[in-house]
Amino acid sequence: MQGATRVISRNSLFAAILVGLYVLSFSLPFVLTFRVSDLFSSRPTPRFDEEALFPEATPISSQGMFLEAQALEAANPATGKDFVFFFWARLSRLPRNSEKLLLAAKSQLFADKQDGYVIGLSRDGDLLRPIVYWGNEQAGRWYQFAPIDIYQGQWVLLALTFASADGVLGLHAVDYDPRGAVQVHVLGGYEVESHQVASSSASLKMGAWGANRFRGKFGPFGVFSGDDVLEDFKAGLKEYARHPYELLSQYKKNARLWAPTSRNDLGPTQAKLELVSPSRRTNQEQ
């Protein structure tokens, strides 16, 4: 009898284990489904609403569309004066690998050389680097700056500077963190040979001119020149970026071109601004 009792007990234990495994096999998928769905339904922390800071931005949505400022001399660096050119941009597409995406240029091509200044982005694998051309009719070259993190749809300010006394060409970037705090990035600098000053008789263009494939928006932009325009520059940029349509006094008094929107240059020369598009050009030709 005792042997029979042990057999029954073992059979009962074995049956209980089988029942437990059976129940677990059905309940486990539901548990996993709940955990996985909970993981994927969680949303990232909402970003600061950058668009609210740029209510009058200029969209560039097709090839051949660009913003042009006929600031032939005002946008050139002045000899013996410090120089700043900055603009806000929102990129709807980022450059592909090995692509050179130009954002803004006051430059023209000759048979074998180029003049003026150009700002763009180039990609090398996972690295996105700002690039700058700086020169005049005699000489010039491209400069590559430190990599930056820019995501599609982000607003970023690029500020090109030239310190006349030292002949140093520099670049800063400004953006916002997810909470809306201003971030200023120093992207490096180069001592330009012979303290060469960029110069060009071309107009200032921003967008998808020629074969350039920019898509996105432009916000306020300006050109500034003076003896003190670079004083406390990083701190000045941080303060200015809190209200992109309002200039600080150090910029306002040194403004050569200031366009908070694409309609008007509020600088001393009041340069003509025009949003050029293929449809408008076709209508003018007809």
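The values are calculated or read from the model by the stated rules, or taken from the named source; none is laboratory data. What you see is a predicted model; the values in this text were computed from it and never measured. Ideal geometry is used to build each Cβ from the backbone, glycine not excepted, and the neighbour counts take in all protein chains shown.
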If you check Phe87 against the conditions, is it assigned to a strand (DSSP E or B), more than 12 Å from the chain's Cα centre (by Cα) and of a type outside the set (Asp, Glu)? no
Scanning the stretch 102-129 residue by residue, those surrounded by fewer than 20 Cβ atoms within 10 Å (Cβ to Cβ) and either of a type in the set (A, V, I, L, M, F, W, C) or closer than 17 Å to Thr161 by Cβ (or both) turn out to be Leu109, Phe110, Ala111, Leu127, Leu128
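Tally up the residues in the stretch 149-181 that are within 9 Å of the chain's Cα centre (by Cα) and at negative phi, please.
Result for the stretch 149-181: 12.
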**Request:** Test Gly226 against the criterion of being touching a Leu at 6+ places or on another chain (Cβ under 9 Å), surrounded by 12 or more Cβ atoms within 10 Å (Cβ to Cβ), assigned by TED's automatic domain parsing to the domain that holds Glu68 and under 30 Å from Gly140 (Cα atoms), and give yes or no.
**Result:** no
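Please state which one of Phe87, Phe83 is crowded, with 22+ Cβ neighbours inside 10 Å and farther than 17 Å from Leu273 by Cα. First the steps, then the outcome.
Details: Phe87 fails: farther than 17 Å from Leu273 by Cα.
Sole residue among the options that is crowded, with 22+ Cβ neighbours inside 10 Å and farther than 17 Å from Leu273 by Cα: Phe83.
Which residue, of Arg263, Arg256, Arg242, Arg213, is closer than 23 Å to Gly80 by Cα and among the basic types (Lys, Arg)?
Selected residue: Arg256, the only one of Arg263, Arg256, Arg242, Arg213 that is closer than 23 Å to Gly80 by Cα and among the basic types (Lys, Arg).
For the structure I just gave you, tell me whether Tyr240 is in the same structural domain as Tyr117 (by TED's automatic domain parsing), within 22 Å of Trp155 (Cβ to Cβ) and surrounded by fewer than 20 Cβ atoms within 10 Å (Cβ to Cβ).
no
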Of the listed residues (Val182, Val174, Val132, Val192), the one being surrounded by fewer than 19 Cβ atoms within 10 Å (Cβ to Cβ) and of a type in the set (Val, Ile, Thr) is Val182
For the stretch 95-121 the number of residues that are of a type in the set (D, E, K, R), touching a residue at least 40 places away in the same chain (Cβ under 8 Å) and assigned to a strand (DSSP E or B) is 1
